[in-house]
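The values are calculated or read from the model by the stated rules, or taken from the named source; none is laboratory data. Treat the numbers as computed from the prediction; the structure is a model and nothing was measured. Note that each Cβ is placed from the backbone with ideal geometry, even for glycine, and that neighbours are counted across all protein chains shown. Ligands, DNA and RNA are stripped out before the accessible areas are found, and what is left, the full protein with its side chains, is counted by its heavy atoms. Shrake-Rupley method; radii C 1.70, N 1.55, O 1.52, S 1.80 Å.
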Amino acid sequence: MTWVNLTSPDQLNEIKSADGYSLIFKHSTRCSISMMAKRNFEFNWDVIPEDTKLYFLDLISYREISNSVAEVFNVAHQSPQILLIKNGDCVLEASHSDISAEEVAEVIAA
């Protein structure tokens with residue numbers, strides 16, 4: 001699996017209107033907890049179905065997009081944070097040590 005860098009507000013519209021599942025990983029490049037959460041997620045992400053688009057948001061470089069993510073999907077800003085989007089709605093939100101590729105896979109499988 002590979003990340004799609006989330007760098008444009010237009011991509012949020014694509015995620016919002018996409019059928020199926022998309023995942024957004026909000027990451028702070030200045031935070032060791034965020035680095036660890038990302039590494040743990042990537043270590044186990046092979047359990048997530050391959051047709052799930054994985055978006056990576058560097059929230060330091062793209063703070064306005066990070067703010068838009070919170071607004072568009074009606075979630076409180078956290079870092080690190082994952083949002084699992086299904087058909088335009090956030091169906092799973094997790095942050096810090098609660099970020100889990102296995103939980104993402106379970107929600108998709110349900």
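For this structure, a couple of remarks:
- In the range 20-52, residue most open to solvent (accessible area, probe 1.4 Å) [restricted to those that are closer than 16 Å to THR2 by Cα, out of contact with any helix residue (DSSP H, G or I) (no Cβ under 7 Å at 6 or more places or on another chain) and in a helix (DSSP H, G or I)]: PHE43
- Exactly one residue out of ALA70, ALA76 is modelled with pLDDT under 95, of a type in the set (Gly, Ala, Ser), touching a His at 6+ places or on another chain (Cβ under 9 Å) and open to solvent by 10 Å² or more (accessible area, probe 1.4 Å), and it is ALA70.
- Residues satisfying the stated conditions in the range 79-107, i.e. of a type in the set (A, V, I, L, M), open to solvent by 30 Å² or more (accessible area, probe 1.4 Å) and part of a helix (DSSP H, G or I): VAL107
Yes/no per residue for (1) without any contact (Cβ under 8 Å) to a residue 40 or more places away in the chain; (2) over 19 Å from LYS16 (Cα atoms):
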| residue | (1), (2) |
| --- | --- |
| ASN40 | no, yes |
| ASN44 | no, yes |
| LEU57 | no, no |
| GLU71 | yes, no |
| GLU106 | yes, yes |
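- In the set (1) modelled with pLDDT under 95; (2) surrounded by 14 or more Cβ atoms within 10 Å (Cβ to Cβ); (3) over 26 Å from ALA110 (Cα atoms), ASP58 fails one condition alone, (1).
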